[in-house]
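**Student:** Before I ask anything, let me first share the structure, which is written out below as structure tokens.
The values are calculated or read from the model by the stated rules, or taken from the named source; none is laboratory data. Since the structure is predicted, the reported quantities are computational estimates derived from the model, not experimental observations. We place every Cβ from the backbone using ideal geometry, glycine too, and count neighbours over all the protein chains shown.
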Amino acid sequence: MTMNRETFINCILGLALVIVPLIALGMDEPFIITLATKVAIFAMAGVGLNLVLGYGGLVSFGHAAFFGIGGYAAGILASHALNYEPIMTWPFEIEGTTQMIIIWIVALLASAIIALAIGAITLRTSGVYFIMITLAFAQMIYYFAISWPAYGGEDGLSIYVRNGFPGLNTLDPISYFALCAVMLGLAIAFSAVLIRSRFGLALQGARQNSQRMTAVGIAPFRIRLVAFVISAMITALAGALYADLNRFVSPSMMSWHMSGEIMVFVILGGVGRLFGPLAGAGLYIILEHLLGGVWEFWQLPLGVLLLIVVLFARGGLVGVLAGERKHV
Amino acid sequence: MFTLFLEQLLNGLQSGVMLFLMASGLTLVFGVMGLINLAHGSLYMVGAFACAAVAAWTGSFWLGLMASLMAAAIAGALVEILIIRRLYNRDHLDQVLATFALILIFSEGTRWIFGSFPLFLSVPEFLTGTVVMPGDFQYPLFRLAIIIAGFAVAAGLFLLIGKTRLGIRIRAGEADRGMIAALGVDIDRLYTIVFALGAALAGLAGAFVGTTQSVQVGMGEPVLILAFVVIVIGGIGSIKGALIGSLLVGFTDTMGRFLLPHAFATFLDPASATAIGSALASMLIYIVMALVLFLRPSGLFGTEA
Amino acid sequence: MKGIKTTIAAVAALLVAGAAQADPVKVGMITTLSGGGASLGIDARDGFMLAVKQANNPDLEVVIEDDQRKPDVAVQLADKMIQQEKVDVLTGIIWSNLAMAVVPSAVAQEKFYLSVNAAPSQLAGKGCNANYFSVSYQNDNLHEAAGGYASSAGYENAFILAPNYPAGKDSLAGFKRFFFGDIAGEVYTKLGQTDYAAEIAEIRASGADSVFFFLPGGMGIAFMKQYAQSGVDIPLIGPAFSMDQGILGAVGDAALGVKNTSNWSKDIDNATNKAFVESFVAEYDRLPSLYASYGFDTANLLLSAMGKANVNDKEAFRDALRAADFNSVRGKFVFGPNQHPIQDIYVREVVKEGDVLTNKIVGVALKDHADAYASECSM
């Protein structure tokens, strides 16, 4: 059985993500494990975005909003649990929690509801209008989070102890990394299944020729809306993991810079490639880590490197390595 | 209260006119070349820094203003020739990534050259002070001058596009990119000129705004987002849309900040009225933008779907 | 017999004292060195490193990292400092939101944190911690002093404004705590706002006799320039941040005459301060700012503790820090019960010395001022 070149590269990327932290563990370099966890989480946020951006052709410039909603789900639930204050007492009492699984469910539900509302409005537009209207909604949520005093406003919210997962010591860096890596693997596997399903084909069809889809009786709007909601949910889950990595959540998770960064991970790695976000997030964080220690103006060479990639490495990292054009 | 209301209207107008200088360049570049330029805010910053540096060196604000136009135009032309030119045939995503990289390069490069401390730039001597306006309130002379200069630039831009050969080519480029090449227009040169023109407008805005605000690294980013809001509301590629959009955003933002806290104070205690009113005011332009796009998915004057 | 016992005890004490001098101290400095807010972090770092250089103590090692003013990056750097660099002491954070992200977990892991600037109320009251020391102030202090000054200067009707975020709300609350006149208007601006025409128009119409504003960084520069251009001549009062040495040059003459409250000024009359200002200028070729003075004091506090106790004896080192036995550029320096300084806060006026804008002390706003949260701290 011969292996497709992209599959081979994907295996290498996956292996690298697992092996690097293990080596770091052996060499007692816990910060490298933290960085690898960050890569896994950002990659997962990118996997979410890639679903609409890569396969659906919908450039959302507002995914940081969902990333932040996931983060706040973790922060708010944990802070209520740690302070023994119920979230609401009427009509029935809801307590906070420090169980990741419940937090994730809340993050998924909250982001789904908000994405449904935002998507229903924004998907009426297309092209640059879509880019900007998604940004507009993210900015609204961002400013709301800054000025809403209940959960810290701009100061953000600390989670003093990382939330728990059954059978796992989440405070141990390598265990938490393993959890995040597994979640990333699941997200990628889910994407892979989804894009090969009838739904995924319809989504890609809607990108390539939306009139034809309408002609064969598939409404592109509904397909896109569902994709947008799923995409937001994956990114929100990554946000919940990120909040727990930092034991802290703040509105900066929702800033337009964050939206831009998630987008950069996807484009850098390769749009519409399953492992593209992992390659992109990995490269970006390695560069940030290496350059940041060397020079005060490290963002200058980072910019130059990004520019070189976009000019000469078309199709992103995975695209160049795999050596084949994906789509126009 | 009525004179205060008048004054705030004028403030809204001034902020709208300033936004127009930024937004017109952005929308022009998008309309003609189909390019999303996130680095437009960096050109605005280049203008402000050039003006501040030259004004400090020569002591003349006017030389500074010239320098801002030239520095931004040259930076724009260089960027177009070296980088942007390779991106016209790419999709928007590559453009977003490349111009995002340009932001990093411009910001840190500026900080490298000028240091991390904000620079000084002030209003020229004869434009300081205030004038008494009809309705009997004082208004800063310089803000009045900005309004007039902004409208003059707008008028010049409409003339340029409506009446000159360059304008005809620009309009042709907006209508059909393939066609003008076939007509024998040197398309590379046209694109460089349009990009430099947009950059110069941004640089000019940077110099004006730098006199009333802080000339510092990163100053272009908030205004970039606003300019994008403006061109999306107005309809991308439309100069007229950019003008209407700018004024709409300028008025909405200023009047929202002014009126919302007062409105909430009629039924809330003052502290929460101020807090809620200001929170809502900071979201207001985005709400307006969402509303406009909900009703008209390609903006007020947009043509493409 | 008794004699021998005493001798052994004395030798043991000598050995312990010897060890105290020998154990090296590793400091992790997390501060903002890139992007828009970099000038503050650079000043704090330069002030800190100036003291380190002057002390020339081979047992002190400093690791510096750039937080980019992002809370998540700051948290990850703190993890790195603690897990990998194995630092004993953390310092350097400028912004309150970053401090809130880093400090609670760092002090819970038994690291000392010495604040060179940010000192949010949460860490001064219920959330106070024996390992957390604020060398600068408590966030509300300078705003309270502005309120105190406004009252004593006879102002009766103040218009107050600050950005709409927690530090802004704390600021207006702090001002009102010590201002006994009326409030002519209270405005929260958008964080990062650059045009203040609307607010200035309201100030003009409000009939206030004084204006208190807290607008850090570029916001303050924009506000003061526009205020001067507007022709409104109601006197401005603010905390020192907007009249700090690093940005006065960018504000220009628009800042002349503005009264501001500060716990440090370059003309505080003591030998340490004089030497600090001179050596800072000699080293970096610019005047020191508030943040540079906090950095300098922080390093000297740390060095004084290193001379008295072993950093691995947490209890003794904590006591040595608490004693604050060092020469501060502010003159006397005393920690209150929540380990925030009890200090004089001055009123300064922006003046011109030759071509250079700077500040001159014109009075004392509050004497021996402690913060409002100390009573909530159970330590």
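**Student:** If you check residue C:237 against the conditions, is it touching a residue at least 24 places away in the same chain (Cβ under 8 Å) and away from every other protein chain (no Cβ under 14 Å)? Even if it seems obvious, please write down each step before you answer.
**Tutor:** On the way: touching a residue at least 24 places away in the same chain (Cβ under 8 Å): yes; away from every other protein chain (no Cβ under 14 Å): yes.
So residue C:237 fits the description; yes.
**Student:** Also, quick follow-up: Of these, A:313, A:322, which one is touching a residue at least 40 places away in the same chain (Cβ under 8 Å) and either touching a helix residue (DSSP H, G or I) at 6+ places or on another chain (Cβ under 9 Å) or surrounded by fewer than 21 Cβ atoms within 10 Å (Cβ to Cβ) (or both)?
**Tutor:** Step by step, each of A:313, A:322 is checked, and only A:322 is touching a residue at least 40 places away in the same chain (Cβ under 8 Å) and either touching a helix residue (DSSP H, G or I) at 6+ places or on another chain (Cβ under 9 Å) or surrounded by fewer than 21 Cβ atoms within 10 Å (Cβ to Cβ) (or both).
**Student:** Please state which one of C:370, C:305, C:324, C:320 is surrounded by 15 or more Cβ atoms within 10 Å (Cβ to Cβ), small (Gly, Ala, Ser) and touching a residue at least 24 places away in the same chain (Cβ under 8 Å).
**Tutor:** When all the criteria are applied, what remains is C:370.
**Student:** Further question: For residue C:154, all conditions in the list (1) outside any strand (DSSP E or B); (2) away from every other protein chain (no Cβ under 11 Å); (3) in contact with a helix residue (DSSP H, G or I) (Cβ under 8 Å, 6 or more places away or on another chain); (4) surrounded by fewer than 22 Cβ atoms within 10 Å (Cβ to Cβ) hold save one; what is the number of the exception?
**Tutor:** Condition (3) is where residue C:154 drops out.
**Student:** Right, something else. Residue under question is residue B:215, and the condition is that it be hydrophobic (A, V, I, L, M, F, W, C) and under 29 Å from residue B:129 (Cα atoms); does it hold?
**Tutor:** Taking the combined requirement at face value, the residue satisfies it.
**Student:** Mind listing whichever residues of the range C:53-92 are surrounded by fewer than 22 Cβ atoms within 10 Å (Cβ to Cβ), in contact with a strand residue (DSSP E or B) (Cβ under 6 Å, 6 or more places away or on another chain) and within 23 Å of residue C:292 (Cβ to Cβ)?
**Tutor:** Listed by number, the residues that qualify are C:60, C:61, C:62, C:63, C:64, C:65.
**Student:** Among the numbered criteria (1) more than 14 Å from chain B (Cβ to nearest Cβ); (2) farther than 30 Å from residue B:235 by Cβ, which one does residue A:116 miss?
**Tutor:** Of (1) more than 14 Å from chain B (Cβ to nearest Cβ); (2) farther than 30 Å from residue B:235 by Cβ, only one is false for residue A:116: (2).
**Student:** Further question on the same structure: Which condition number does residue C:35 fail, the rest of (1) within 22 Å of residue C:137 (Cβ to Cβ); (2) within 14 Å of chain B (Cβ to nearest Cβ) being met?
**Tutor:** Only one criterion is unmet by residue C:35, namely (1).
**Student:** Do we find a residue being under 18 Å from residue C:351 (Cβ atoms), within 14 Å of chain B (Cβ to nearest Cβ) and buried (at least 22 other Cβ atoms within 10 Å of the Cβ) anywhere in the range C:268-276?
**Tutor:** No, because not a single residue in the range C:268-276 is under 18 Å from residue C:351 (Cβ atoms), within 14 Å of chain B (Cβ to nearest Cβ) and buried (at least 22 other Cβ atoms within 10 Å of the Cβ).
**Student:** Residue by residue through the range A:265-283, note down the ones that are over 21 Å from residue A:201 (Cα atoms) and surrounded by 24 or more Cβ atoms within 10 Å (Cβ to Cβ).
**Tutor:** A:265, A:267, A:268, A:269, A:278, A:279, A:280, A:281, A:282
Yes/no matrix, rows are residues, columns are (1) part of a helix (DSSP H, G or I); (2) of a type in the set (D, E, K, R):
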residue: A:273; (1), (2): no, yes
residue: A:277; (1), (2): yes, no
residue: A:282; (1), (2): yes, no
residue: A:294; (1), (2): no, no
residue: A:300; (1), (2): yes, no
residue: A:306; (1), (2): yes, no
residue: A:309; (1), (2): yes, no
residue: A:319; (1), (2): yes, no
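**Student:** Could you tell me whether the range A:142-154 includes any residue that is of a type in the set (Gly, Ala, Ser) and not in a helix (DSSP H, G or I)? Write out each step before concluding.
**Tutor:** First, pick out the residues of the range A:142-154 that are of a type in the set (Gly, Ala, Ser): A:145, A:147, A:150, A:152-153.
Then keep just the ones that are not in a helix (DSSP H, G or I); that gives A:152.
The answer is yes, given that some residue of the range A:142-154 is of a type in the set (Gly, Ala, Ser) and not in a helix (DSSP H, G or I).
**Student:** Answer yes if at least one residue in the range B:17-24 is out of contact with any helix residue (DSSP H, G or I) (no Cβ under 7 Å at 6 or more places or on another chain), modelled with pLDDT under 95 and not hydroxyl-bearing (Ser, Thr, Tyr), and no otherwise.
**Tutor:** No; the residues of the range B:17-24 include none that is out of contact with any helix residue (DSSP H, G or I) (no Cβ under 7 Å at 6 or more places or on another chain), modelled with pLDDT under 95 and not hydroxyl-bearing (Ser, Thr, Tyr).
**Student:** Name every residue in the range B:109-140 that is within 7 Å of chain A (Cβ to nearest Cβ), free of Cβ contacts under 8 Å to residues at least 24 places away in the same chain and either in a loop (DSSP other than H, G, I, E, B) or not aromatic (Phe, Trp, Tyr) (or both), in order of residue number.
**Tutor:** B:109
**Student:** Also: Of everything in the range B:94-104, what is more than 20 Å from the chain's Cα centre (by Cα) and either surrounded by 22 or more Cβ atoms within 10 Å (Cβ to Cβ) or more than 7 Å from chain A (Cβ to nearest Cβ) (or both)? Give them in sequence order. Quick ask: steps written out before the conclusion?
**Tutor:** Of the range B:94-104, the ones more than 20 Å from the chain's Cα centre (by Cα) are B:94, B:97-98, B:101.
Selection gives B:97, B:98, B:101.
**Student:** Scan the range B:240-289 residue by residue and report those that are crowded, with 24+ Cβ neighbours inside 10 Å and within 21 Å of residue B:160 (Cα to Cα).
**Tutor:** Hits for the range B:240-289 are B:241, B:242, B:243, B:245, B:246.
**Student:** Residue B:161: over 25 Å from the mean Cα position of the chain (by Cα) and away from every other protein chain (no Cβ under 14 Å), yes or no? Let's see the steps before the verdict.
**Tutor:** On the way: over 25 Å from the mean Cα position of the chain (by Cα): no; away from every other protein chain (no Cβ under 14 Å): yes.
Taking the combined requirement at face value, the residue does not satisfy it.
**Student:** Taking the conditions exactly as written (part of a helix (DSSP H, G or I), hydroxyl-bearing (Ser, Thr, Tyr) and free of Cβ contacts under 8 Å to residues at least 24 places away in the same chain), does residue A:34 satisfy them or not?
**Tutor:** Against the criterion (part of a helix (DSSP H, G or I), hydroxyl-bearing (Ser, Thr, Tyr) and free of Cβ contacts under 8 Å to residues at least 24 places away in the same chain), residue A:34 does not qualify.
**Student:** Something else now. Counting only residues that are at the interface with chain B (Cβ under 10 Å from one of its Cβ atoms) and either over 25 Å from the mean Cα position of the chain (by Cα) or over 15 Å from residue B:271 (Cβ atoms) (or both), how many does the range C:161-186 have?
**Tutor:** 4
**Student:** Restricting attention to the range A:279-296, does a residue exist that is within 14 Å of chain B (Cβ to nearest Cβ), more than 22 Å from residue A:36 (Cβ to Cβ) and among the charged types (D, E, K, R)?
**Tutor:** yes
**Student:** So how many residues does the range C:124-156 have that are more than 18 Å from the chain's Cα centre (by Cα) and among the acidic types (Asp, Glu)?
**Tutor:** Adding up the residues that qualify gives 1.
**Student:** Please state which one of A:58, A:13 is touching a helix residue (DSSP H, G or I) at 6+ places or on another chain (Cβ under 9 Å), away from chain C (no Cβ under 12 Å) and closer than 19 Å to residue A:224 by Cβ.
**Tutor:** When all the criteria are applied, what remains is A:58.
**Student:** If I ask for residues that are at pLDDT below 90 and out of contact with any Ser or Thr (no Cβ under 9 Å at 6 or more places or on another chain), which ones from the range B:29-53 would you list?
**Tutor:** Once the filter is applied, which keeps residues that are at pLDDT below 90 and out of contact with any Ser or Thr (no Cβ under 9 Å at 6 or more places or on another chain), the range B:29-53 yields B:29, B:30, B:32, B:33, B:34.
**Student:** If residue A:211 satisfies all but one of (1) exposed (fewer than 14 other Cβ atoms within 10 Å of the Cβ); (2) closer than 13 Å to residue A:244 by Cα; (3) of a type in the set (S, T, N, Q), what's the number of the condition it fails?
**Tutor:** Residue A:211 satisfies all of (1) exposed (fewer than 14 other Cβ atoms within 10 Å of the Cβ); (2) closer than 13 Å to residue A:244 by Cα; (3) of a type in the set (S, T, N, Q) except (2).
**Student:** Then there is this: Among the listed residues B:168, B:147, which satisfies the condition of being of a type in the set (Val, Ile, Thr), part of a helix (DSSP H, G or I) and surrounded by fewer than 16 Cβ atoms within 10 Å (Cβ to Cβ)?
**Tutor:** Exactly one residue qualifies, and that residue is B:168.
**Student:** Which condition number in (1) within 10 Å of chain B (Cβ to nearest Cβ); (2) over 28 Å from the mean Cα position of the chain (by Cα) is the one that residue C:219 fails?
**Tutor:** (2)
**Student:** Output the residue which, of all residues in the range B:1-39 that are closer than 12 Å to residue B:195 by Cα, part of a helix (DSSP H, G or I) and among the β-branched types (Val, Ile, Thr), is farthest from the chain's Cα centre (by Cα).
**Tutor:** Across the range B:1-39, the extreme among qualifying residues is B:32.
**Student:** Consider residue C:237 carefully, then state whether it is part of a strand (DSSP E or B), under 28 Å from the mean Cα position of the chain (by Cα) and farther than 27 Å from residue C:291 by Cβ.
**Tutor:** no
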